[in-house]
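What follows is a short report on a single structure.
The values are calculated or read from the model by the stated rules, or taken from the named source; none is laboratory data. Note that this is a predicted model, so its numbers are computed, not measured. Neighbour counts run over all protein chains shown; Cβ positions are idealised from the backbone, glycine included. Quick note on the areas: whole protein, heavy atoms, side chains included, nothing else; ligands and nucleic acids left out. Shrake-Rupley method; radii C 1.70, N 1.55, O 1.52, S 1.80 Å.
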Amino acid sequence: FATGAAVLPSFHGADAWSNTWADTLLGSDHAAELQGQGFTVVPEAFDTALAGRCLKECERLDAASKATVTTNPCNCGSRSLWLEFGESAHQEALQRDYPALYELATKLAGLPACVNKLKALGGGLQV
C-alpha cells in the first residue's frame, strides 16, 4: 500500500480560465504598475459579502481538519488546502460544497489571461 503520493500540478494556457471579471478588473494603468513595480493594487476588487462567505467556508474546512498548518518560519501557523480543479467532476464538487471559494478561485484564475492580454509580464503566464 502507498502511504502517500506526490501531487504534481499541471499547468494550462491562461486563456482556459479567462473570465469577464478579470478582463474588466485590470487596465493599462495596472499593466504599467506590473511592469514597473512587479505588482499592482486593485482596491475593492471583491465585494465584502464574497469575502465573508469564503471565510466561513475556510473555517468549516479548518474545523473538519482539512487544512494543513505550516511550520515554515516565514508563515508560521498559516493554513493551506489544495483545491483540485483539474477535471469537471472536481469543479462540480467544489462548486457544490464550497461555492464561495469556487467563485473566488475561478475569478482569480482569470487574472493571468488578462495580464497576458495586457502584455504586462511578458505574456507567458499559465494557470
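Within segment 80-127, the residues that satisfy the criterion of being basic (Lys, Arg) and farther than 21 Å from Glu59 by Cβ are Lys117, Lys119.
For every residue, the table says whether it meets (1) open to solvent by 80 Å² or more (accessible area, probe 1.4 Å); (2) touching a helix residue (DSSP H, G or I) at 6+ places or on another chain (Cβ under 7 Å).
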| residue | (1), (2) |
| --- | --- |
| His30 | no, no |
| Gln37 | yes, no |
| Thr48 | yes, no |
| Ala64 | no, no |
| Ala67 | no, yes |
| Pro73 | yes, no |
| Gly86 | no, no |
| Arg96 | yes, no |
| Gly110 | no, yes |
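Report whether or not Glu92 is within 21 Å of His12 (Cβ to Cβ) and open to solvent by 40 Å² or more (accessible area, probe 1.4 Å). Even if it seems obvious, please write down each step before you answer.
Values: within 21 Å of His12 (Cβ to Cβ): yes; open to solvent by 40 Å² or more (accessible area, probe 1.4 Å): yes.
The answer is yes for Glu92.
Taking segment 48-127 as the region of interest, the helices (runs of 4 or more DSSP H) fully inside it that hold 3 or more residues being among the acidic types (Asp, Glu) are 48-63.
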